[in-house]
Amino acid sequence: MKNLLLIMLTFLLFTSCKTTEEDNEANDRMEEYAENPQRENEPAPRVSLDWEGTYSGVLPCEDCTGIETYLTIEEDLSYELVQRRVKTIDTESEEKETSGTFSWNGQGTAISLPALEGELSLEIGEFYLIPLDSNGNEIPAEPGNNFRLLKQ
């Protein structure tokens, strides 16, 4: 009985003092974040959201049924954008490809880049982008389309 008690106490001692690799990695990331003053001043969405990647969806269009949009944004602030107007009776299909660099707004919650219909502003969400109007407001959804670009 004494041996069993001694073994259990030894086991508890070793397991309670041991940290896992995940704990060590999390502590390292927290220390790196605290030691890097540039990251402390960055807006939270730029740091906390996984915004890099490829997004697709249909955006609103004044003289067509919509603009099919494929956007890839990278951590180095570069982007590749392919937009195609959905053909209507009065208009022909038009496709435009652009690439370059995008910019963040002052709060770090939205990005802006040149697009088929002028400048395109998009609010960053977790796994989606929301198009914004010229005043920075979300473009209202229509039946069958919420105008969000979803991450692939």
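What does the charge dipole of region 47-151 about its Cα centre add up to, to the nearest 20 debye, if the Cβ of each Lys and Arg holds +1 and the Cβ of each Asp and Glu holds -1?
Details: 6 positive and 21 negative charges, 33 e Å.
I would put it at about 160 debye.
Give me the net charge of Glu80's neighbourhood, meaning all other residues with Cβ under 10 Å from the Cβ of Glu80; Lys, Arg count +1, Asp, Glu -1. Could you put the intermediate results ahead of the total?
On the way: positive: none; negative: Glu74, Glu97.
Counting the neighbours of Glu80, the net charge comes to -2.
Give, in whole angstrom and from largest to smallest, the semi-axes √(5λ) of the equivalent ellipsoid of region 47-151, with λ running over the eigenvalues of the Cα gyration tensor. Intermediate values should be presented prior to the final figure.
Numbers: eigenvalues 103, 45, 29 Å².
The answer is 23, 15, 12 Å, longest axis first.
Amide H to amide H distances under 5 Å link Ala115 with Leu120, where only residues 5 or more positions off or on other chains count and H is placed in the peptide plane. Here the simple spin-label model places points 7 Å from the Cα toward Cβ, and for Trp104 and Ala141 these points are separated by 2.8 nm.
Here, each number is a calculation from the coordinates, and none is a lab measurement. This is a predicted model, so every value here is computed, not measured. Please note: Cβ atoms are built from the backbone with ideal geometry, for glycine as well, and neighbour counts cover all protein chains shown.
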